[in-house]
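The values are calculated or read from the model by the stated rules, or taken from the named source; none is laboratory data. Predicted, not measured: the structure shown is a model, and the values here were computed from it. Ideal geometry is used to build each Cβ from the backbone, glycine not excepted, and the neighbour counts take in all protein chains shown. When the accessible area is computed, the model is the full protein with side chains, heavy atoms only, and any ligands, DNA or RNA have been set aside. Shrake-Rupley method; radii C 1.70, N 1.55, O 1.52, S 1.80 Å.
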Amino acid sequence: MKLNGRQLGDAYLVTVDVPRIDAAVAIRFREEMREQIEASTGTLILDLGPVGFIDSSGLGAIVAAMKLMPNGRRMELAALGPVVDKVFRMTRMDSIFRIHASVDEATAAHG
Amino acid sequence: MKPPSGKPDHHHRVAARHEAVTACLIALRDEMVDAHPLAARDDAWEIVLAEACTNIVEHALAERPGAAFTLSAWLRDDAMYVRLRDRGLPMPTGYPPPPCAAPPRADTLPEGGFGWSIIGRLCRRVRFARRAGENRLDLVIPFFAAARARK
């Protein structure tokens, strides 16, 4: 699991540099997200651009990570590929998260 | 609904571990890129099979180290026909659970339970049977169904 985080002004960008978030890595993903959340401040932008495949276990891990966010902080998503986008739409989770088309759009929104 | 007769185009014996499911799906895609390049460009089949195989690992074959199941796939122009077989626990109700119709709520967000809904949305047919101690799940996954499901 490779999560690369960096503070960008008021926002914190976490790039998920793995090809798949599935049942094989879901627990590790959630635990590493916990470390990223604890090490950061502000809105957390999750860059899913490198992720080519996700299943419902991976989706559940992202939801679990969102629930770890302290009060007053938000998690937003960016750069969903076709499969990730489909899974979020089919489960209607796209209505729960603010989703940005690209990382640039997400970071611009948080100036 | 039965799978097509004859030898499957793809057949895998999969250990009941999540890592083995991932490896199987990657191997299946590699096989399809060569043998069925158009079908390999679709993604619905991989989404469905990930959910169905994960269910077997986490439920039917949970607590059974060393167990395995089989995945057989027949590819036709319009769809992938799949049969998954395991000798694990039966489904508690005898049938796959109904899909969850309610949209998620921000205050009670579920972290799971999406699998059968996804399978139901992307498959043309889902049939489960328990015969002589064996679970048999037959799926028909139309190609490019995900695009239709979004409409």
Problem set entry | Carbon/sulfur fraction of accessible area - the protein assembly as shown, other protein chains in place, 1.4 Å, % | 51 percent
Exercise. Can you give the average number of partner chain beta-carbon atoms within 10 Å of each beta-carbon in peptide B:48-60, as a whole number?
Worked result: 3
Problem set entry | R0 of 51 Å, Cβ-Cβ distance A:Met1-B:Ser5: FRET efficiency to nearest 0.05 | 0.75
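Report the antiparallel proportion of the DSSP beta bridges in the protein assembly as shown as a percent, rounded to a multiple of 5. Display every interim value, and only then the final one.
Numbers: 33 of 46 bridges.
Counting only bridges with both partners in the protein assembly as shown, antiparallel ones make up about 70 percent.
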Exercise. Per residue, how much accessible area does the stretch A:3-106 show when a 1.4 Å probe rolls over the protein heavy atoms, in square angstrom?
Worked result: 40 Å²
For this session: Mind checking B:105-113 for the average number of partner chain beta-carbons within 10 Å of each residue's beta-carbon?
Result: 5
Problem set entry | Fraction of antiparallel bridges per DSSP, chain A only, in percent to nearest 5 | 30 percent
Problem set entry | Where Cα atoms sit under 27 Å apart: lysine pairs in the protein assembly as shown separated by 8 or more or lying on different chains | 4
Exercise. Tell me, how many Å apart are the Cα centres for the stretch B:11-64 and for the stretch A:12-55?
Worked result: 23 Å
For this session: Report, as an integer, the average count of C-beta atoms from other chains found within 10 Å of each Cβ along A:54-64.
Result: 6
For this session: Using label points projected 7 Å from each Cα along Cα→Cβ, tell me how many nm separate B:Arg125 and B:Thr108, to one decimal.
Result: 3.7 nm
